[in-house]
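Have a look at the structure below before the remarks.
The values are calculated or read from the model by the stated rules, or taken from the named source; none is laboratory data. Bear in mind the structure is a predicted one, so any value in this text is a computation, not a measurement. Reconstructed Cβ throughout: ideal geometry from the backbone, glycine too, with neighbour counts over all protein chains shown. SASA here: full protein model, heavy atoms, side chains in, ligands and nucleic acids out. Shrake-Rupley method; radii C 1.70, N 1.55, O 1.52, S 1.80 Å.
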Amino acid sequence: MRNQPTYDVVVIGAGIVGLAHAYHAMNRGLSVAVIDHADRVAGASVQNFGHACITAQSGTALDYARAGRRHWLDLSRKAGFWSAETGTFCVARHDDELAVMQEFANARGPSQVELLSREQILARLPIRTKGVTGGMYLPTDLQVDPRRAAPSIARWLESRGVEFFWRTAASGFEPGVVHTSRGDLRAGTTFVTVNYDIDRLFPEPALREGLLRCRLHMLRAILPLSSTLPAPLFTGWSLLRYSGFEELPSTRAVAHRLQQEYPGYVDLDLHQMYTPQPDGSILIGDTHVREVSASPFQSEAGFDALIERAQDLFGVNDIEITERWQGIYCSAPDSDFLLEEPMDRVRIVTVTTGIGMTTSMGLAEASVARAFEPDGVSVPA
Ligand SMILES: Cc1cc2nc3c(=O)[nH]c(=O)nc-3n(C[C@H](O)[C@H](O)[C@H](O)COP(=O)(O)OP(=O)(O)OC[C@H]3O[C@@H](n4cnc5c(N)ncnc54)[C@H](O)[C@@H]3O)c2cc1C
C-alpha cells in the first residue's frame, strides 16, 4: 500500500452492505476505497437465497427495501448479473395460514398482496395438491443471482474507479485514519460494514445489542418437477419469520400449531422456503442456530428436515442434492440494524437479521446521505 493513501470514503467489508455504500458514495462523486480481509466476496452476501423479500418487511426495513428496489434493477443492468421481477408466492396448507394471508392482504391492499384461491395457486406452482387451502402472491419482490450479484458489483465498481484492497484486514480506527494489516489509509468518512465480525472490531456495541452469529443449513438441489418453479416460494413457516406478519392476529395460531405438529423441528428453528435459480436448480433452506462463535459442525438432522419437507411439498422422492453449505448472518434479539458512530466520522452499519440482500441498497443510500447531508435526511422514496 502506498504511504497513507487518502479517500473521501473508506468502506471496511466487501459484502453487499459495504458495496452498496461504495456505490452510493461513488454516485456522489466521492473517492472510495473498499478493503476486505478475504480475497473475494465470500461472506453472507454469496451464501444466501438472493431474495429481495420486500413486501414481508415492516417499518424502517420496509422503507429501505422499497427504496433499494430500483437500485438492484439498475445495478443488475450496469454490472451485468441476473435479476428478475418474479414476485414471491406463499402457499397456505392450513386455514390458519390462509387467515394470516387474508389479514396481510387487508393491511397492505391488492397492489402489494394478491390473495389466491386453492385452484389459482395450484395452477401456478408445481406442488402437491394435498392440504393446500390457497395462498398469496407478492408481486413487487425481486430475485438476484446470489452467487454473482455482489461479486459483479465489486468488479463493476472497480472498473468505475473504486479502489479495492483485498486480503487486507482493518485492525483499528481513529477519526480520519484506518489501520490495516498493510498500513494506514486516510479516510474522510469510514463505513464499517463487516457483518457479524463487528464484535471483533467494536465489542461494546455488539455486546450491548446481544449480537450473535446465526448459522443456517442450506441446499442446492435439482427436483423432478412437472413444471418449473416460477418464483421464490414461501410456506406457512415463512409467516413466522418476517416482521410484516409478526403483529397480525392469526400469526400466533400458526406458530402454535406448527410447533405442536413438528416438535422435532423446534430446536432447528426450521423455515421452509425455495428460490429457483437461472440454471434450473432450486435453493432450499433453512435452519437457525445462534451462537457467539459459529460451530463449524452441521447436524445431518437439519439437511434431513429440509429434504423431508421438500419431498412432502413437491410430492417427489428423488431430490438430487448438488451442494450443501452453512450460511452465517448476524442476529440481534431486538433490532434489524446496528447503526452507530463510535467515533467521529467512523460509522458502523450492520444488518442484524437475515434481510441484508433486501435492505442493503436503501440502507446504504440513507446511510451515505446521513454522513454527507447531516441535516434532516430521510429515507429516500
Ligand atoms: C443462508 C443465508 C440466507 C440468506 N438469505 C437472504 C435472502 O434471501 N434475502 C435477504 O435479504 N438476506 C438474506 N440473507 C442475509 C444477507 O445475506 C446478509 O444480511 C447480508 O449478506 C449481509 O451483508 P454484509 O455485507 O453485512 O456481510 P458479508 O457479506 O458477510 O460481508 C462482510 C465482509 O466483511 C469482511 N470483513 C470482516 N471483518 C473484516 C476486517 N476486520 N477487515 C476487512 N474485512 C473484514 C468479510 O470478509 C466480508 O467479506 C441470508 C443470509 C444467509 C447466511
Farthest positive-ward along the chain dipole, Cα basis, beta-carbon charges - from H288, S181, A301: S181
Amide H contacts under 5 Å for T352, placed H, 5+ residues apart: F337, L338
Computed accessible area, F165, all protein chains, 1.4 angstrom probe, square angstrom: 30
Share, in percent, of DSSP beta bridges within the chain that are antiparallel, nearest 5: 75
On Cα atoms only, tilt of 149-159 relative to the major axis of the chain in degrees: 30
Rounded to the nearest 10 Å², the accessible area of K78 at probe 1.4 Å: 100
The range 274-306-the range 143-184 distance, computed between alpha-carbon centres (Å): 27
Phi to ³J(HN,Hα) by Karplus 6.51 cos²θ - 1.76 cosθ + 1.60 over the range 278-283, Hz, x for Gly, Pro: x, 8, x, 7, 10, 8
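Below 8 Å between Cα atoms, with a sequence gap of 6+, how large is the relative contact order for the range 137-273 in percent?
12
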Under the Karplus curve 6.51 cos²θ - 1.76 cosθ + 1.60, θ = phi - 60°, whole-Hz ³J(HN,Hα) for the range 37-45, x wherever Gly or Pro sits: 7, 8, 9, 6, 6, 9, x, 3, 5
Whole-Hz ³J(HN,Hα) from phi, Karplus 6.51 cos²θ - 1.76 cosθ + 1.60, for the range 241-258, glycine and proline x: 9, 10, 5, x, 9, 4, 8, 6, x, 8, 4, 4, 5, 5, 4, 4, 5, 5
Whole-angstrom gap from the range 16-77 to the range 214-268, using each part's C-alpha centre: 25
Cα radius of gyration and Dmax for the range 42-81 (Å): 11.5, 31
Per-pair calculated FRET efficiency, R0 = 41 Å: E291 and S227 via Cβ, rounded to 0.05: 0.55
Placed amide H near R93: partners under 5 Å, 5+ positions off or other chain: T133, G236
Between helix 95-108 and the chain: long-axis angle, C-alpha atoms, 0 to 90°, nearest 10: 50
The chain - mean residue ellipticity at 222 nm from DSSP helices (-39,500 (n - 2.57) per run, n ≥ 4, rounded to 500): -10000 deg cm²/dmol
Long-range amide H partners of F165 with built H, under 5 Å: V34, I35, D36
Contour excess over end-to-end distance, with Cα ends at E85 and N3 and 0.36 nm allotted per residue: 24.9 nm
Residue order for H179, H24, H256 - accessible surface, 1.4 angstrom probe, largest first: H256, H179, H24
